Amino acid sequence: GLKPISCIEIKTSNNPVLSRGFYESLKDLKCNNGFIITPYQQVTYKMSETVTVCGIYDFLKVILPKLIK
């Protein structure tokens with residue numbers, strides 16, 4: 001079977017607000033990391049121990065290559 005490596009939610013705002021559903025997805029899928037992708041975010045930061053907020057460019061160029069190694 002396939003095992004998810006992370007949960008990703010894409011937001012249209014630079015000030016993301018997460019719902020309980022995102023955290024439930026992390027728990028149900030047993031993912032150790034989640035990413036909130038924003039369109040204009042210039043800074044990558046941790047929203048919680050398991051959730052990182054980043055811009056789409058940083059996710060595609062920096063984070064994603066590390067995840068798929």
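The values are calculated or read from the model by the stated rules, or taken from the named source; none is laboratory data. All of these numbers come straight from a predicted model, not from anything done at the bench. Please note: Cβ atoms are built from the backbone with ideal geometry, for glycine as well, and neighbour counts cover all protein chains shown. Heavy atoms of the whole protein, side chains included, go into the accessibility calculation; ligands, DNA and RNA do not. Shrake-Rupley method; radii C 1.70, N 1.55, O 1.52, S 1.80 Å.
Quick notes
- About the Cα centre, charge dipole magnitude for the chain (Lys/Arg +1, Asp/Glu -1 at Cβ), debye: 200
- Solvent exposure of the chain amounts to 72 Å² per residue of accessible area, where only protein heavy atoms count and the probe is 1.4 Å.
- DSSP assigns beta bridges within the chain; of those with both partners inside it, close to 20 percent run antiparallel.
- Accessible surface of the chain [probe 1.4 Å, protein heavy atoms]: carbon and sulfur percent: 58
- Think of the chain as having a plus end and a minus end, set by charges on the Cβ of Lys, Arg, Asp and Glu; of Leu29, Gln41, Asn14, Leu29 sits farthest toward the positive end of this dipole.
- Read-out percent of Cα pairs over 19 Å apart, derived from the coordinates shown; its label in (1) 49; (2) 29; (3) 19: (2)
- Annotation: amide H-H contacts under 5 Å for Thr52 (H modelled 1.01 Å from N, sequence separation of 5 or more, or interchain): Gly34, Phe35, Ile36, Met47.
- Integer Hz, Karplus 6.51/-1.76/1.60 couplings in order for segment 51-67, x for Gly and Pro: 10, 10, 9, 8, x, 4, 5, 4, 5, 5, 8, 10, 7, 4, x, 6, 5
- In order along segment 28-44, phi translates into HN-Hα couplings of 5, 8, 6, 8, 8, 8, x, 10, 10, 9, 10, x, 10, 4, 9, 10, 9 Hz, rounded to whole numbers, per the Karplus curve 6.51 cos²θ - 1.76 cosθ + 1.60 with θ = phi - 60° and x for Gly and Pro.
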